[in-house]
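Here's the structure, in structure tokens; my notes come after.
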Amino acid sequence: MTAETRRSRSTEAFFGRRHGKTIRPQQAAALKAGLTKYGLDLAEPAPLDPRTLFAASVDGVRLEIGFGGGEHLYHMALQHPGTGFMGVEPFVNGMARLLTRLAENPLPNLRVYDDDAVRVLDWLPAGSISGIDLLYPDPWPKKRHWKRRFVGRANLDRFARVMAEDAKFRFASDIDTYVNWTLLHCGAHPAFEWQAESAADWHTPYDGWIRTRYEAKAVREGRRPAYLTFRKVTA
């Protein structure tokens, strides 16, 4: 993807940082080689069955949007070798961390994309994804920036299109306003049904959950995480 393409797309849908500290030479090498090996090529037509994108034989495909340093994504792919995992992360430093780890311990059921997740959602065939994770996304706390939040009608429409029936959309955040925002937007969307019966349901981590560095920091600072799950229903 060219720098010009990145700039054009950023002004439309992506607002976060792409670069942090300069990555080390070893990370740079792992990033280059890893994107060649694990990267999705959206210039090619999407396969009718995205399970064929993986080197391993998988029985379903999950998507994690904004995986940060890749701790949760790698853990899930390691624990569930029969499931294919796609991870999207535009932040170069986060992608470099994951691909450095994959250089040391490869996983055949993992693919990545290093740009706007909207591109992946628009590329994937309808009804092809068994789950979507959006974990600790940028909350854009200032009201004038709320329109930048990833959860909104347009992206929920995209989720609904690519998700199979009964697939789960999981959202985790330590920011109360974004949790409430997500509940309101998903509650207003006909394709999603909140899976909760008591307060304990959304304060209990998901099965097999691994606490990331970000979540540990949030807890230390006194913020209580919330874990929401929504089921894809017939719209």
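Only one entry of 42, 73 meets the criterion of being under 19 Å from the mean Cα position of the chain (by Cα) and not in a loop (DSSP other than H, G, I, E, B), and that entry is 73. The criterion of at least 3 residues that are touching a Lys or Arg at 6+ places or on another chain (Cβ under 8 Å) and in contact (Cβ under 8 Å) with a residue 12 or more places away in the chain is met by the following helices (runs of 4 or more DSSP H) wholly inside the stretch 132-234: 176-187. Residue count for the stretch 182-208 under the criterion of being among the aromatic types (Phe, Trp, Tyr) and either out of contact with any strand residue (DSSP E or B) (no Cβ under 9 Å at 6 or more places or on another chain) or open to solvent by 50 Å² or more (accessible area, probe 1.4 Å) (or both): the result is 2.
When you scan the stretch 209-232, how many residues do you find that are within 17 Å of residue 70 (Cα to Cα), within 16 Å of the chain's Cα centre (by Cα) and either of a type in the set (A, V, I, L, M, F, W, C) or open to solvent by 60 Å² or more (accessible area, probe 1.4 Å) (or both)?
So the count comes out to 4.
Consider only pairs whose beta carbons are under 7 Å apart and that are at least six residues apart or on different chains; among these, list those whose first residue lies in the stretch 76-88 and is assigned to a loop (DSSP other than H, G, I, E, B) and whose second residue is surrounded by fewer than 19 Cβ atoms within 10 Å (Cβ to Cβ). Hits for this filter: 81/56; 82/59; 83/59; 83/60.
Annotation: of all residues in the stretch 138-164 being modelled with pLDDT of 95 or more and not hydrophobic (A, V, I, L, M, F, W, C), the one that is nearest to residue 182 (Cα to Cα) is 152.
A count restricted to the stretch 45-70 and to residues that are exposed (fewer than 14 other Cβ atoms within 10 Å of the Cβ), assigned to a loop (DSSP other than H, G, I, E, B) and not charged (D, E, K, R) stands at 4. Return yes when residue 122 is open to solvent by 40 Å² or more (accessible area, probe 1.4 Å) and either under 28 Å from residue 191 (Cα atoms) or without any contact (Cβ under 8 Å) to a residue 12 or more places away in the chain (or both) and no when it is not. So residue 122 passes the test. Yes or no: residue 161 open to solvent by 30 Å² or more (accessible area, probe 1.4 Å), touching a strand residue (DSSP E or B) at 6+ places or on another chain (Cβ under 8 Å) and farther than 16 Å from residue 136 by Cβ? Considered against the rule, which asks whether it is open to solvent by 30 Å² or more (accessible area, probe 1.4 Å), touching a strand residue (DSSP E or B) at 6+ places or on another chain (Cβ under 8 Å) and farther than 16 Å from residue 136 by Cβ, residue 161 comes out as no.
Under 29 Å from residue 222 (Cβ atoms), touching a Gly at 6+ places or on another chain (Cβ under 8 Å) and not polar (S, T, N, Q): is that true of residue 134 in this structure? Judged against the criteria, residue 134 is a match. Scanning the stretch 90-108 for residues that are in a loop (DSSP other than H, G, I, E, B), open to solvent by less than 20 Å² (accessible area, probe 1.4 Å) and under 18 Å from residue 65 (Cβ atoms) yields one hit, 90.
When residues in the stretch 128-157 are screened for being surrounded by fewer than 14 Cβ atoms within 10 Å (Cβ to Cβ) and at positive phi, 0 of them pass. On the given criteria, is residue 170 among the basic types (Lys, Arg), at pLDDT 95 or above, under 19 Å from the mean Cα position of the chain (by Cα) and open to solvent by 70 Å² or more (accessible area, probe 1.4 Å)? Considered against the rule, which asks whether it is among the basic types (Lys, Arg), at pLDDT 95 or above, under 19 Å from the mean Cα position of the chain (by Cα) and open to solvent by 70 Å² or more (accessible area, probe 1.4 Å), residue 170 comes out as no.
The values are calculated or read from the model by the stated rules, or taken from the named source; none is laboratory data. These numbers were taken from a predicted model, which means no experiment stands behind them. Here Cβ is always computed from backbone atoms with ideal geometry, including for glycine, and neighbour counts include all displayed protein chains. These accessible areas exclude ligands, DNA and RNA; they are computed on the full protein's heavy atoms, side chains included. Shrake-Rupley method; radii C 1.70, N 1.55, O 1.52, S 1.80 Å.
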